Structure formats: structure tokens, C-alpha cells
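S.K.: Structure provided below as C-alpha cells; questions to follow.
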Amino acid sequence: MGMYGLKSMLKVPTQVVFGDNTIEELGSHAKKFGKRVLLIYGGNSIFKSGNYDRVTETLRREGLEIKEYGGITHDPDEDLVQRAVENALSANPDVIVGIGGGSVIDIAKAVSVMATNGGTVSDYWGGREFTRPSIPMIAIPTTSGTGAEVTKNAVISNKEKTFKKSIRTDYMTPEIAIIDPTLTLTVPPEVTIDTGLDALIQNLEAFTSKNAGPITDTLAIKGIELGAKYLPIAVENPDNLEAREALSLGSLFGGITLGNAGLGLAHGLSHPIGIKYGIPHGRACAIVMPKVIEYNYPARKEKYDKIAGLFGEECDAVSGFRKFLDKLGVSYRLRDYGVKKEDFPMIIEYSKGGSRNFNPIPHSDETVYKMLEEMY
Ligand SMILES: [Fe+2]
């Protein structure tokens, strides 16, 4: 079948610590880098969930000094990065600990490398290169979604919130990722859906990407299987630990596979749609994904047929994925999210570059326009 004629690479520079209650080990990992810890986190959920106490306890137990920078919001913009970098420069930490969802981890990554390299996010969007190693960073995801704990990019919005774009460098990959599924037990169903769909779609896009190969495929198939089986269970029963473990693992696999194989058209389109209409990233990916599978199907027939059955129906991957979204109550009609047809040219323009380059079939502006109309 020709699969093993393909080249396949795997780079996971992050030391991954996976398992229930591994958060207790944070202090002993952090102290390897020094005494001063800068803790970066998001909104109130870290206090309500008890995760804040769990994190600070293990750091204090090891005698570490903690400084904090909280309140990181969704879709962080370049100004927020700048403020966080200034804070980090005055805190002068030996290690940065980022605990939260993808946005928080991305900010912690951006801060860790911009604090040592200087400049602004715009400079790096414009082609400036990172030349110095970052402040060591430990990433602790509290959702099962982006896999940002093992990737080398950070997605940042511009000031006007008209576009999102990555900055990337190997220096940004976290030194250590502590993936503790018990931290995700309090994630509410809607957020579980949005983040779980991101992980699932990252595995799907990496599985069919132009750069896919046997190593990443093995992880991606498992990630798709775990997401398809356990996402509905975790939505139904948020405190089902087995489901949370499975989703945490699937999310990790998504981060590893996207970092090594790339993504595709769904991720490309998700950024302008997400930022313009305030739609969570994973949901924005899910809205466009059925059409993208349909478009890519002829080029990856064998692969899609192989995973079609994982969505719980005896049918092809396109219908299987649509039915899966139906069951989760997720619409894949652009109009249900207030998307305007007159924004299609903007969506197409800002979706260019990055992920779209790895899509298995090339696509002109006209083709994408037609696809958007069909999703409307
Ligand atoms: Fe994603």
C-alpha cells in the first residue's frame, strides 16, 4: 500500500511527564532551574478548580519563591504579550511556569523567549529571528486541546484583533510539560467540546497532511480514536477520569503530530473565522472540517476510509464526522455563527500561509470561496 515508502521525522524536545497527580512533581522539576518562579495563568477558573492551590503548594514545599502574572485572556494580543514580557523582566525568574489552556501556555512561551531576545511580536511576524535561548519554561495544560505544551509556536492576535498569527522558534518549546489529567476534571462541557475538537482535528489534519509519515500516523490514529470515543463521554460525565486521561493523551498526540507533520486547510480557515466572530478555536476548526474532509477525500481515500468507523457509524469519514458533530450539538453552518458572506475575501486572505501549506490538495482562492459558500 506504499505507506512505508514515506519519510517520517519525529522531534519532541520537551520532557513529557504524563499521569494523574503528576502536578505534585512540579516543585522538584522547577527547582532544577533555580529559585525564582514566575507563575503565569488565566482567569478565575484556576482558583475555583483548586488547581492554583495544588500548584503553589508543590512549589512552596520545595522552598521556591513565587511571583505571579494572572488574567491572561483568550486570543491574547500583542499588547498583552508586551505587558507580560515587561512583568517578566522585572520579576527576573529562573523558570516560568505556564498553567492553563492554550492561550496561557502560548503567552508563557512567547514571554520566555521575548524576555531574552527583545523586540515586539510585530518584529517577529515581520521576519526578525530569535537568536538567544529562552528562560526555561514548564507548561501545564488544564484543558485537553491545543497540545501547546509540546509545540514551538505561539498564536498571537494583533492589537485590532483582525488577525491571529504564530511566532515560532525551537527556543520556544517548553523544557518540561506536566500533563496531569486530574487538572481537567473541572472543565465545563462546552469548553471540553471546543478543546476536544481542536485535539481531534489536529490529529485528523496531521494524519492527512502532506508531511504525514508512519511515525506521526501511528500517534495521530490513536489520537483520533481516543477523541472520537471519549469526547462524548467527558461531555456527558465531566468527572469521568478515564475519559479525561484519554483526552489528555489525545491532545498530547495532536501537539506532537502537528509539530512534526503540519496541519491543513481547516486550521488555516479557523484563525480568521475565530478572531472575527469570537468563536473558540476548536469550534472554528470544527465548523469547516467536514467540508475540508470532503475536499481532501480523493487524495487521502485510503486513510479516511481507515478511520471512518472510529466515529461510531458505518459510513464514510465525511458523514461520520458530521454525525459526530451533530451528536455534540455543534453546527457546521457558517450562518449559525453570524458569519457574513461579505467577509469571505477577508477570511481567505488571512487564512493564507502556515497550516494551509500542508493541506494534501492545493486550493485556489476561487476554490476556497466556493467551499465557504457550501458551508454557509
Ligand atoms: Fe488547533
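The values are calculated or read from the model by the stated rules, or taken from the named source; none is laboratory data. Because the structure is a prediction, the values reported are computed rather than measured. All Cβ positions, even for glycine, are placed from backbone atoms using ideal geometry, and neighbour counts span all protein chains on display.
Per-residue answers, yes or no, for (1) surrounded by 19 or more Cβ atoms within 10 Å (Cβ to Cβ); (2) not charged (D, E, K, R):
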position: 314; (1), (2): no, no
position: 323; (1), (2): no, no
position: 338; (1), (2): no, yes
position: 347; (1), (2): yes, yes
position: 353; (1), (2): no, yes
position: 361; (1), (2): no, yes
position: 365; (1), (2): no, no
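S.K.: Hey, does segment 252-261 have a residue that's assigned to a helix (DSSP H, G or I), among the polar types (S, T, N, Q), within 13 Å of the ligand (Cβ to nearest atom) and under 23 Å from residue 346 (Cα atoms)?
M.R.: no
S.K.: Just to be sure before I move on: is residue 173 touching a Phe, Trp or Tyr at 6+ places or on another chain (Cβ under 6 Å), assigned by TED's automatic domain parsing to the domain that holds residue 85 and either more than 13 Å from the ligand (Cβ to nearest atom) or among the small types (Gly, Ala, Ser) (or both) in the structure I sent?
M.R.: no
S.K.: Which residue pairs have Cβ atoms under 6 Å apart, sit 6 or more places apart or on different chains, and have a first residue in segment 280-291 that is more than 9 Å from the ligand (Cβ to nearest atom) and a second that is among the aromatic types (Phe, Trp, Tyr) and not in a helix (DSSP H, G or I)?
M.R.: Sorted first by the residue in segment 280-291, then by its partner, the pairs are 287/332; 290/332.
S.K.: Then there is this: If a residue has to be among the small types (Gly, Ala, Ser) and over 17 Å from the mean Cα position of the chain (by Cα) to count, how many in segment 208-227 make the cut?
M.R.: 2
S.K.: Please enumerate the residues belonging to segment 262-279 that are hydroxyl-bearing (Ser, Thr, Tyr), surrounded by 24 or more Cβ atoms within 10 Å (Cβ to Cβ) and away from the ligand (no atom under 12 Å from the Cβ).
M.R.: none
S.K.: Okay, next question. Which pairs do you get when a residue that is touching a residue at least 24 places away in the same chain (Cβ under 8 Å), found in segment 297-320, comes within reach of a residue that is assigned to a loop (DSSP other than H, G, I, E, B) and surrounded by fewer than 19 Cβ atoms within 10 Å (Cβ to Cβ), reach meaning Cβ atoms under 6 angstrom, with the pair 6+ apart or on two chains?
M.R.: That search, which allows pairs on different chains as well, returns 299/361.
S.K.: Let me ask you something else. Can residue 195 be described as assigned by TED's automatic domain parsing to the domain that holds residue 277, within 22 Å of residue 359 (Cα to Cα), within 16 Å of the ligand (Cβ to nearest atom) and not acidic (Asp, Glu)?
M.R.: It is true that residue 195 is assigned by TED's automatic domain parsing to the domain that holds residue 277, within 22 Å of residue 359 (Cα to Cα), within 16 Å of the ligand (Cβ to nearest atom) and not acidic (Asp, Glu).
Here's the yes/no breakdown for (1) more than 22 Å from residue 164 (Cα to Cα); (2) within 21 Å of the chain's Cα centre (by Cα); (3) in a helix (DSSP H, G or I); (4) among the basic types (Lys, Arg):
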position: 293; (1), (2), (3), (4): yes, yes, yes, no
position: 304; (1), (2), (3), (4): yes, no, yes, no
position: 313; (1), (2), (3), (4): yes, no, no, no
position: 323; (1), (2), (3), (4): yes, no, yes, yes
position: 327; (1), (2), (3), (4): yes, no, yes, yes
position: 348; (1), (2), (3), (4): no, no, yes, no
position: 360; (1), (2), (3), (4): yes, yes, no, no
position: 366; (1), (2), (3), (4): yes, no, yes, no
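S.K.: How many of the residues making up segment 25-35 are surrounded by 14 or more Cβ atoms within 10 Å (Cβ to Cβ) and charged (D, E, K, R)?
M.R.: Count: 2.
S.K.: Continuing with the same structure: With (1) of a type in the set (Asp, Glu); (2) closer than 15 Å to residue 172 by Cβ; (3) more than 16 Å from the ligand (Cβ to nearest atom) as the list, and residue 79 as the residue in question, which single condition is left unmet?
M.R.: (2)
S.K.: Of everything in segment 3-42, what is hydrophobic (A, V, I, L, M, F, W, C) and closer than 13 Å to residue 137 by Cβ? Give them in sequence order.
M.R.: Passing the criteria: 26, 30, 33, 37, 38, 39, 40.
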